[in-house]
Amino acid sequence: MTLRNNPGIEISSRLDRPALQGPISPSDTAIAKYGGRELQPNRGVPLNLDWVDGVRVNTSAVERRAQTIGTRRTVKKEWQAAWLLRAITCMDLTTLSGDDTDERVRRLCAKARQPIQQELVQKLGIESLQIKVAAVCVYHAFVETARRAIEGSGIHVAAVSTGFPAGLSPFAERVAEIRRSVEAGADEIDVVITRAHVFGAKWQALYDEIAAFKNACGPAHLKVILGSGDLLTLRNVARASMVAMMAGADFIKTSTGKEPTNATLPVSLVMTRAIREYAQETGMAAGFKPAGGIGTAKQSLEWLSLMKEELGDSWLKAELFRFGASGMLADIERQLEHQATGRYSADYRHPIA
């Protein structure tokens, strides 16, 4: 069975659309819709401490709701394949190892351009979809290498910055690192917050830090890593999420992938509901990126279900949702091969880089 002409697969993104012509209206620049309301890209708002202090999280209720996410919605056969293809288009293909090399980054970029083996693409009948990942994510030292390797593909280059993963280098150095990455060609910057600001409830300091990062990004998108595994409580996660969005974050991201505990469904539920509340209050949409610990096709379906149920279809696209994962891609390819042939292939047949 092929997926050609399947109504469940629609991969297009506003990122790929031609430039708007004529006068620009709010509906032209809207990137999402929630509750019938057109939402603009997040520009940030002044810090509202009353709003932050008023955040409450019912931990037991969050955990109960999170347990139902993988059971409330089931997709099978070609519809499951369609969701898995969508997961690929929302993926930040990542290499953040101490032994990274230019050659490894180039191989990663080749995989980003063609994440599914051509033979499998033909079996599925999806050649016209031109499936590719949303971005490749690398250290600053490899931004130029990645930019050259994906040039002309429409894939973005994301750079981790600000003393990743600890975020404890001097503030001026962190800001300068952002500027250097943007100058080298990064389209997106993943920054790390100072977790101590959250522990001490120093919300003005956290707001000012993120606002400075946003300013240094210039035209690049800012993805703010909260380090949720370090923040101890779901309330801390929710409050940090709100402050990050007020300061202008384009995305809020769970983790660096280096913490003992990374992306979890309870944390993701809290962060997506913070995004929803922020959108309702401000009319602006921020994106969400779970990262770390997501390694299977089944998990990708759980997070896509979470986004659809909590935020709606507008967040099922690369503009507003990303997976910080690489190992997941091999398992998605295996599931797609099963869809096409009825057989699972070995992991080694789907190398990343």
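Observations
- Per residue, the stretch 217-353 exposes 29 Å² of accessible surface when a 1.4 Å probe is rolled over the protein heavy atoms with every protein chain present.
- Residue-span extension gain [Thr68 to Arg180] - 0.36 nm each, minus C-alpha spacing: 36.0 nm
- Measuring gaps between exposed loop sites in the chain (trypsin sites (Lys or Arg not before Pro); DSSP loop; at most 12 other Cβ atoms within 10 Å), the longest gap, sites not included, is 77-342.
- Working from label points 7 Å from Cα in the Cα-to-Cβ sense, the Asp99 to Glu277 distance is 4.5 nm.
- Coordinate range of the alpha-carbon atoms in the stretch 121-224 per principal axis, descending: 55, 25, 21 Å.
- Spatially proximal lysines relative to Lys258 (Cα-Cα < 16 Å; intrachain offsets below 8 disregarded): Lys289
- Sulfur and carbon atoms: percent of accessible area, the stretch 181-289 [1.4 Å]: 48
- Relative contact order computed over the stretch 66-221 (Cα-Cα under 8 Å; 6+ residues apart), in percent: 18
- Taking Thr68, Thr296, Thr162 in turn, the Gaussian network model of the chain (Cα-Cα springs below 10 Å) assigns the largest fluctuation to Thr68.
- Rounded, prolate or oblate (a/c below 1.5 giving rounded, otherwise prolate when a/b exceeds b/c) for the stretch 164-299 by Cα gyration tensor: rounded
- Among Leu124, Leu269, Leu320, residue whose mean-square fluctuation peaks in a GNM of the chain (springs only between Cα atoms under 10 Å): Leu124
- Within the listed set Val45, Val237, Val191, the residue fluctuating most in the Gaussian network model of the chain (springs between alpha-carbon atoms under 10 angstrom) is Val45.
- Projecting label points 7 angstrom from Cα along Cα→Cβ for Ser345 and Arg235 puts them 5.1 nm apart.
- For the chain, calculated [θ]222 nm from helices alone, where every DSSP H run of n ≥ 4 adds -39500 (n - 2.57): -13500 deg cm²/dmol
- Dividing the convex hull volume of the alpha carbon atoms of the chain by its residue count gives 140 Å³ per residue.
- Förster-model FRET efficiency, 30 Å R0, Ala110 and Asp313, C-beta, rounded to 0.05: 0.45
- Residues with amide H under 5 Å from that of Ala285, placed H, sequence gap 5 or more: Gln40, Asn42
- Convex hull of alpha carbon positions in the stretch 49-180: directionally averaged projected area 12.8 nm².
- Those GluC sites (Glu not before Pro) in the stretch 130-173 that DSSP places in a loop and that have at most 13 other beta carbons within 10 Å: Glu151
- When you filter the chymotrypsin sites (Phe, Trp or Tyr not before Pro) in the stretch 216-320 for DSSP loop state and at most 15 other Cβ atoms inside 10 Å of their Cβ, nothing is left.
- Distant-in-sequence amide H partners of His156 (H built 1.01 Å from N, under 5 Å): Ala135, Val136
- Karplus-derived 3J(HN,Hα), 6.51/-1.76/1.60, for each residue of the stretch 284-296, Hz, glycine and proline x: 10, 10, 10, x, 9, 9, x, 8, x, x, 9, x, 10
- The overall shape of the stretch 43-102, judged from the alpha-carbon gyration tensor, is oblate: a/c is not under 1.5, and a/b is no greater than b/c.
The values are calculated or read from the model by the stated rules, or taken from the named source; none is laboratory data. Owing to the predicted nature of the structure, the values given are computational and were not obtained by experimental measurement. Using ideal geometry, Cβ is built from the backbone for each residue, glycine included, and neighbour counts are taken over all protein chains shown. Areas reflect the complete protein model, heavy atoms only, side chains present, ligands, DNA and RNA absent. Shrake-Rupley method; radii C 1.70, N 1.55, O 1.52, S 1.80 Å.
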